[in-house]
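The values are calculated or read from the model by the stated rules, or taken from the named source; none is laboratory data. These numbers were taken from a predicted model, which means no experiment stands behind them. Glycine gets a Cβ as well: all are built from the backbone with ideal geometry, and neighbour counts include every protein chain shown. For the accessible areas, the whole protein counts, side chains as well, though only heavy atoms, and no ligand, DNA or RNA atoms are used. Shrake-Rupley method; radii C 1.70, N 1.55, O 1.52, S 1.80 Å.
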There are 2 protein chains.
Amino acid sequence: MHRVLHIGFGPVGRNTARLLHERRLGAVIAAVDCDPELVGRPLREVADIPDSSISLVGSLDDVTNWDEIDAAIVTAASTVPASMATFTALLERGLPVVTTCEEMTWPRLRHPELSDRLDAVAKEHGGRIVGTGINPGFLMDTLPTMLTAVCRDVQSITVSRVQDAGPRRVPFQAKIGAGLTVDEFNARLAAGGFGHVGMGESLFFLAAGLDLPVSDWSETIDPVIATRPLRCDIGPIEPGMVAGIRQVATGVVDGKPMLSLVFQAAIGQADPHDAIEIVGDPRIRSIIEGGVHGDTGTWSMAVHTLDAIVDAAPGLHTMADLRPVRYRRAP
Amino acid sequence: MHRVLHIGFGPVGRNTARLLHERRLGAVIAAVDCDPELVGRPLREVADIPDSSISLVGSLDDVTNWDEIDAAIVTAASTVPASMATFTALLERGLPVVTTCEEMTWPRLRHPELSDRLDAVAKEHGGRIVGTGINPGFLMDTLPTMLTAVCRDVQSITVSRVQDAGPRRVPFQAKIGAGLTVDEFNARLAAGGFGHVGMGESLFFLAAGLDLPVSDWSETIDPVIATRPLRCDIGPIEPGMVAGIRQVATGVVDGKPMLSLVFQAAIGQADPHDAIEIVGDPRIRSIIEGGVHGDTGTWSMAVHTLDAIVDAAPGLHTMADLRPVRYRRAP
C-alpha cells in the first residue's frame, strides 16, 4: 500500500485520491493545493475520503511528514514549465512520481532541455517520474503503439476518439464550443481558447516508439456544425450552430501523412467510439465501442501507474518504457 | 541490428527468421534444427533469405561462432520440459532469448520448479528469456491485462477469439477437426489429439497481473457442428458433421467465474473477430474486426520482442513485466 503525497485537488485530483483509498492501493498521507479555498480543509471533505484525518496544506514547504511518504501523485498543471519546481522537489527526495500533466506524456516534444534536467535530477537522487492519463497517456499513444507489435509491416496509423458530448457536464459542453455560432467559435479559436492538450505528445510518442522520423506535423481545429436541432444541458442548438469540436493532428514521414490522430466531441454525435486503424500486414481495425470514459479512465490510469513507477529505475520515464500498467484488485 | 542464433525451422521459425532479415532488425548468424532433412542445408533455401550464407547445423554443440551471437530466438517445442536443455544452454552464455514455446508465456502454471531454475540460471549468467506469440502471448493475456488499466473496477473479463477456418491451410483445418463426424471428433479428443495450447497460460497471466486468486479453473473442448453444407479445401462438410472446434477456459475467483477465454475456429464461421469484454467501471468492449492473423502475428511478435528482451534485466520474464513490445521500422 503506497503512502502518497498528493498534489492538486481539482476534479481529477479529488477522484484519483478517492479511488486510491477506495481500492486500498494507497493512502494519501499528505495533501497539497495552492488554492486558498482548500488550504486547511480536511481531505475527508475535499475528496470525500471518510477514513482520512489529514488536512490540505498550501505548499510543499508545509509538508512535515516526508519520512513517511513513499510516492507522489501530481494532478495540477498541464505544462512542464509550470510543474518544474514541484517535480524537481519531489525527485530530489528520491520519490516515484505519477503525474497527469499532459505534456509529461511525451515531454521531449516541447521541452527537451527541461526533460534532460528532470532525468538528471531523478537519476542523481533515485527518483523516477512518468506522465499518464487516458488521452494523452493511453488511447492515442500507448495502446496503438502496443497494437503495432502484431504487424510485420506498418504503412500508416489512424487513431480516432469520437465522443457524444450530450450526456457530459455543462463545463465540458462549453469547452468544446457547443451552442456557439461559427464566428464565435472561430474568434475563440483565434484567441487560443480551444483545443484538447496532448495530441502532439501522443503523435510523437507513437513516432518515437516505432522509429518513425516525423519531418513535419500539424494540428487543425474545426467546429462540428449541427445539421439538425439538438437539445442538451447547455441549451438548444439550431442547425448551422456549433455542436462541438474536431481536432486532427497529422505526422508526415517520408513525405506521406503516416500518423493521424482525430479527436471529435459533439452534442448528438452518432456512434461514439475509440478506434485504432493500422494499415499494414496484417491490417488491424480495433474498436472500443462507445469509447472509454475520459474522466474515470484518467484517474484509473493514475492510480494503476503508481505500481509501475515504484518498480521502475531512476529517471524520466514514459508509458512506452514502463512495464504494462494494469488494474490491480484491492488487497 | 541483432546477431541471432535461431533454433527451430518449422513454419513459424522460417517465417520469423525471414522477417528478421526483411526488416533488417537482425541477422541469423547461426541456425540449428535437429531435423536430419534440414541439417547442412543453406538457410538461404530453408527460410528463403537471399542474403544469408550460412547453413543449418543439427545441435548447439555444432555452433562455432558463439562470440558473434548476441541474442537467440527459439521456435521449437511447445513445452518447457522439452525446451529446458536448450534454454539453459543459451542462458548460461548470458544471451537474451525470445521463444514461441507456448508454455513459456506463463511457465509457472505448469512448471514452477523449472521456472525457478531458468530464473536462477539466467540471473547467475546475465541471460534473460521470455515467451511470446500472438496467442498465447498477446491477444488473450497481454492486451486484455493492459486494457484493464483504464477501469476503476473489474468484475469479470471475457476474451473471445473467433476465426473462420475456411481460408486457412488444410493442416489447420484438419487440426480443428473439420470434416469429422462428432464420434470421430470425440474419439480424437479422448486420445488427446485436440486443443489449442496456451489457454491456461493466458488465464493465469491475466489472473497474476490483476492479483486475482484463482481457486479453480477448467478447460472444455467441444465440436462446432455444421448447420448447413460447407465447402473447403479439406472437402465438403454436411450438416451435422464437425465444422471446427470451440475451446473455453474458465477461472473461478471467490466462487464466481471471473475469467473466461473462448477460442473458436470453424469452417464458414460468421463474424470472425478478437474481442475483449471487461465488465466493470467503465465497461469495455474492444473488438478487432476480422481478428489478427495468427501466423503473421506470431512471427511479428517474436521479432519485435527481441528489442525488449535485450533491454531487460537478467532473469525469467513474461510479457507482463517487459516494456511494451512494438513494431519498429527497418533502419
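Details
- Taking a sphere under 12 Å around the Cβ of A:Thr305 and counting the other residues whose Cβ falls inside, with K and R at +1 and D and E at -1, yields a net charge of +2.
- Residue list for segment A:174-188, given a label point 7 angstrom along the Cα-to-Cβ vector of A:Arg231 and an amide N cut-off under 17 Å: A:179
- Leaving ligands and nucleic acids aside, the B/A contact buries around 4400 square angstrom of accessible area in total at a 1.4 Å probe radius.
- Per residue, the protein assembly as shown exposes 38 Å² of solvent-accessible protein surface, assessed with a 1.4 angstrom probe and all protein chains in place.
- Ranking by accessible area, most exposed first, for A:Trp217, A:Trp66 with a 1.4 Å probe: A:Trp217, A:Trp66
- With θ taken as phi - 60° and the Karplus curve 6.51 cos²θ - 1.76 cosθ + 1.60 applied, the whole-hertz 3J(HN,Hα) list for segment A:185-199 is 4, 5, 5, 5, 4, 4, 7, x, x, 10, x, 6, 7, x, 5 Hz, x standing for glycine and proline.
- Along each principal axis, taking the top coordinate minus the bottom one, the Cα set of segment A:282-331 gives 36, 31, 19 Å in descending order.
- Relative contact order (%) - chain B, alpha-carbon pairs under 8 angstrom, separation at least six: 20 percent
- Global geometry of segment A:187-228, whether rounded, prolate or oblate, following the gyration tensor of its Cα atoms and the 1.5 cut on a/c: prolate
- In Å², nearest 10: area of A:Ser160 left accessible to a 1.4 Å probe: 30 Å²
- Computed from Cα atoms alone, the Kirkwood hydrodynamic radius reported for segment B:8-84 is 12.8 Å.
- Averaged over A:317-326, number of beta-carbon atoms from partner chains that fall within 10 Å: 6
- HN-Hα J in Hz across segment B:168-181 - Karplus 6.51, -1.76, 1.60, θ = phi - 60°, x for Gly and Pro: 7, 5, 4, x, 5, 4, 5, 5, 9, x, 4, x, 7, 7
- Gaussian network model of chain A, springs between alpha carbon atoms under 10 Å - residue of A:Ala190, A:Ala270, A:Ala76 with greatest fluctuation: A:Ala190
- Between the C-alpha center of segment A:46-120 and that of segment B:153-200 there is a gap of 50 Å.
- Other residues lying with their Cβ under 14 Å from the Cβ of B:Pro272 contribute a combined charge of +1, Lys and Arg counting +1, Asp and Glu -1.
- Three-way shape label, chain B, alpha-carbon gyration tensor, a/c 1.5: oblate
- Its convex hull of Cα atoms gives the protein assembly as shown a direction-averaged projected area, equal to a quarter of the hull surface, of 32.3 nm².
- Across segment A:135-147, rounded Karplus estimates of 3J(HN,Hα) from the backbone phi angles (6.51 cos²θ - 1.76 cosθ + 1.60, θ = phi - 60°) give 6, x, x, 8, 5, 9, 9, 4, 5, x, 4, 5, 5 Hz, Gly and Pro being marked x.
- Tilt relative to chain B, helix B:294-311 - C-alpha long axis, 0 to 90 degrees, to 10: 50 degrees
- Segment A:1-78: antiparallel DSSP beta bridges as a percent of all, rounded to 5: 10 percent
- Summary value for segment B:205-304: 19 percent relative contact order, contacts being C-alpha pairs under 8 angstrom separated by 6+ residues.
- All other residues whose Cβ lies under 9 angstrom from that of A:Val46 are scored, Lys and Arg at +1 and Asp and Glu at -1, for a net of 0.
- Degrees separating the helix A:11-22 axis from the principal Cα axis of chain A, which is the longest one: 60 degrees
- Relative to the longest principal axis of the Cα atoms of chain A, helix A:112-125 runs at roughly 30 degrees.
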